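These notes are about the structure you will find just below.
Bear in mind that the values in this text are calculations on the coordinates, not laboratory data. Everything quoted here is computed from the prediction, not taken from an experiment. Counting neighbours? That spans all protein chains shown, and the Cβs are built from the backbone with ideal geometry, glycine included.
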Amino acid sequence: MTIASLKEASTATAQARHLDLPLLSVRNLTKKYGQGCTACLEGIYSAQGGRCPDCGTVWACRDISFDLYPGEILGVVGESGSGKSTMVKCLYYDEETTAGHMSIATFKDGISNLFNESAQQKRYIRNHLMGMVYQNPYLGLRMGFSSSGNIAEKLIAADHYHVGKIRSRASELLEKVEIPLQRMDEPPKNFSGGMQQRVQISKALANNPPLLLLDEVTTGLDLSVQAKVLDLIRSIQRELGVAMIVVSHDLGVIRMLSDRTMVLRQGQIVEHGLTDQILEDPQHPYTQLLVHSLL
C-alpha cells in the first residue's frame, strides 16, 4: 500500500466519522507502585515526587483524564518524574494500570474499556491501532535485525504476510524518513541516534495506525538532528493525519509540534489547554516556572 493510498484511506475514514468526537478518551488513569494506605488512597497526603510519606507508595499517575481528536497532536510536558512517560506506557500496555478507563473510537464503537480487555485484544490494539516511538531506540527496535526486518516484524504482528508487499512497504517507509534504501538491510545498531529514531518512526507507522505515541524522541540528539526529526514528525502528521501524543520535558518541542498541551506534576494534571495559550499566559505557578525557564 502506497503513502498516497494510505492518505486516501485515512481521509475516507475521517469523513466517515464525526470529527468532533474524540479518537482516544482517557478517564481517571491511575498508576501506583505500592499498596497504598488510608491517607494516600484518599489523596490527603503531602508528598514530594508523588510518594506517600506514610506508606512509601509512589503515585506515578493519578486521575489523569483527557481526550485526543483525530489528526490532533497533544503535548504532554513536565519535569523528570512527573509521570508523563508512565502515562504513555500505560496507554501502550507497557505498564499495567491501577485504575482508569480508555477507549478508542475505532475499536468496539468506542465503548469498551481497553484497560480491561484480554491479553489477545491488547495485542491487537497495540499492533493495529497504535504505534510507539521510545526515547531509547533500543526499546523500540531489534538492533540485530535489519531496518526492513524491524518494519516487517510490525507488519507481521498486524497480520500482513505477503513478503513482496512487506518489502515494498518497508522501502516506502524508510525512504519517507530519509533512510537510504541501500542501507535498508543494515541493522539499526550501525546507524546514528537520529537515524535510529527515524527507523523507529517508520516501524511505528508500518500499519498506518490512527494513533502514534512519542516519548521524548529528541532527547539526547544533537540540535541539528532534533530539528530533522521534528520536521519529519510534523510532515507525517500533515500528510497522514495521524493523531499523536508527544511527551517531552522540552517546551520548545511542545511549542513546535502540539495543538494542545497538558502539564503534569507529581502524576497529576495541573494545567491543560491550547499550546499557545499555556505558553503565553500560564495560569498555574508550576507552569509559569516551566515557561520562565525557557525564556
- Return the single residue from Q197, Q266, Q226 with maximal mean-square fluctuation; model: Gaussian network over the chain, springs between Cα atoms under 10 Å. Q226
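Report the equivalent ellipsoid semi-axes for region 146-208 in whole Å, largest first, defined as the square roots of five times the eigenvalues of the gyration tensor built from alpha carbon atoms. Provide the component values of the computation, followed by the final result.
On the way: eigenvalues 65, 24, 20 Å².
Equivalent-ellipsoid dimensions as semi-axes: 18, 11, 10 Å.
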- Roughly how many nanometres apart are two label points built 7 Å out from the Cα toward the Cβ at I111 and C37? 4.3 nm
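Can you work out the FRET efficiency for the pair I156 and D276, with r the C-beta to C-beta distance and R0 = 41 Å, to the nearest 0.05? Let's see the in-between values first.
Working: r = 42 Å, r/R0 = 1.02.
Working from the Cβ atoms, E equals 0.45.
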- Given unit charges at Cβ for Lys, Arg (+) and Asp, Glu (-), the dipole magnitude of region 146-208 about its Cα centre in debye, nearest 20, is 40 debye
- When region 206-295 is reduced to its Cα atoms, the Kirkwood hydrodynamic radius in Å: 14.1 Å
- Note on the structure: For the chain, any Cys whose C-beta has no other cysteine C-beta under 4.7 angstrom counts as unpaired, and these are C61, C90
- Message: Once you place label points 7 Å from the Cα toward the Cβ at S192 and E178, how far apart are they in nm?
- Response: 1.0 nm
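Defining a contact as two alpha carbons under 8 Å apart and six or more residues distant in sequence, what relative contact order in percent does region 146-208 show? If you can, show how the numbers build up before the last one.
On the way: 62 pairs, mean separation 29.0, N = 63.
About 46 percent, as a whole number.
Percentage of Cα-Cα pair distances in region 134-242 greater than 25 Å, rounded to whole percent? Walk me through the intermediate numbers first.
Working: 726 of 5886 pairs.
Here the tail beyond 25 Å accounts for 12 percent of pairs.
Once you keep just the Cα pairs under 8 angstrom separated by 6 or more residues, what percentage relative contact order results for the chain?
Working: 520 pairs, mean separation 71.0, N = 295.
Relative contact order for the chain comes out at 24 percent.
Could you give the C-alpha radius of gyration of the chain expressed as a fraction of 2.2 N^0.38 Å, taking N as the number of residues it contains?
1.01
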